[in-house]
Amino acid sequence: METIFFKGTAVKTCGNVPVASEKAPAFRLVGKDLNEITGQSFAGKRIVLNVFPSLDTPVCAASVRRFNSEAAKLDNTVVVCASMDLPFAMSRFCTAEGIDGVVTASAFRSPEFGKDYGLTMIDGPLAGLLARAVLVIDEKGNVIYSDLVEEITNEPDYKGAIYALKHD
C-alpha cells in the first residue's frame, strides 16, 4: 500500500506502484471506440502511462495537454492517458481541446488495472478512482520511470518522464 495525499489528507492505494527496472504488469483498458487497448497494442514502442483520477479536474486535464504537446511528438513513443472516466467523455475532451497525439484509455471495465499497478485509491473522497502517476515503459515492457504523485492536486514531474524517454 502507498500513501498519497488529497488536499493534505492521507489516502491509501490498494498496492505498490511498479518501480524502474521492474516488468510492467500487462494491462487491458478501453479506447474511445470501445475496443480493447493493451500493452501489446503498442508492442515495440515506449509507452507513457499518464494515469489520473478524472479529466473533469484542471490538473488531470493539464497533464493530458502537456504530454500531448511534449511526449507524443517523440519517436517510437505512445502516450496512454488512463482514468476511470468513460471513453466518450475522454474523447469529447480531446476533441474540444484539439488533442490528437495521445491515446485515451478508460479503466471502467478493468478494475484489475488499478490493482495491478497499485493505483486504485481505497479511501478518502476519491476512493475507487485512480491515483495520479506517470510510468514510462520501454520497448521490452520494463518500467524505466515511475512517479506516483504524492499530492493528488499537484501535476506530475513532466521533465523526469521526458528525460527518461530521451535518455534510456
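The values are calculated or read from the model by the stated rules, or taken from the named source; none is laboratory data. Quick caveat: nothing in here was measured; it's all calculated off a predicted structure. Reconstructed Cβ throughout: ideal geometry from the backbone, glycine too, with neighbour counts over all protein chains shown. Please note that ligands, DNA and RNA were not included when accessible areas were found on the heavy atoms of the full protein model with its side chains. Shrake-Rupley method; radii C 1.70, N 1.55, O 1.52, S 1.80 Å.
Side notes on the structure shown:
- For VAL11, the conditions (1) more than 21 Å from ALA71 (Cβ to Cβ); (2) open to solvent by 20 Å² or more (accessible area, probe 1.4 Å) are fulfilled apart from (2).
- Just one of the numbered conditions (1) part of a strand (DSSP E or B); (2) surrounded by fewer than 17 Cβ atoms within 10 Å (Cβ to Cβ) is not true of ALA96: (1).
- Picking from residues in the stretch 24-45 that are assigned to a loop (DSSP other than H, G, I, E, B) and within 19 Å of GLY114 (Cβ to Cβ), the one that is most open to solvent (accessible area, probe 1.4 Å) is ALA26.
- Restricting attention to the stretch 42-96, the residues that are modelled with pLDDT of 90 or more and of a type in the set (Ser, Thr, Tyr) add up to 3.
- Filter result (over 18 Å from LEU55 (Cα atoms), surrounded by fewer than 21 Cβ atoms within 10 Å (Cβ to Cβ) and at pLDDT 95 or above) within the stretch 146-168: ASP147, GLU150
- Residues satisfying the stated conditions in the stretch 68-93, i.e. assigned to a helix (DSSP H, G or I) and either open to solvent by 10 Å² or more (accessible area, probe 1.4 Å) or free of Cβ contacts under 8 Å to residues at least 40 places away in the same chain (or both): ASN68, SER69, ALA72, LYS73, PHE88, ALA89, SER91, ARG92, PHE93
- With respect to being outside any helix (DSSP H, G or I), in contact (Cβ under 8 Å) with a residue 12 or more places away in the chain and more than 15 Å from the chain's Cα centre (by Cα), SER21 fits the description.
- Residue match in the stretch 103-117 (condition: under 12 Å from GLU2 (Cα atoms), open to solvent by less than 10 Å² (accessible area, probe 1.4 Å), modelled with pLDDT of 90 or more and assigned to a loop (DSSP other than H, G, I, E, B)): yes
- Within the stretch 20-55, the residues that satisfy the criterion of being charged (D, E, K, R) and closer than 13 Å to VAL80 by Cβ are ARG28, LYS32, GLU36, LYS45, ARG46.
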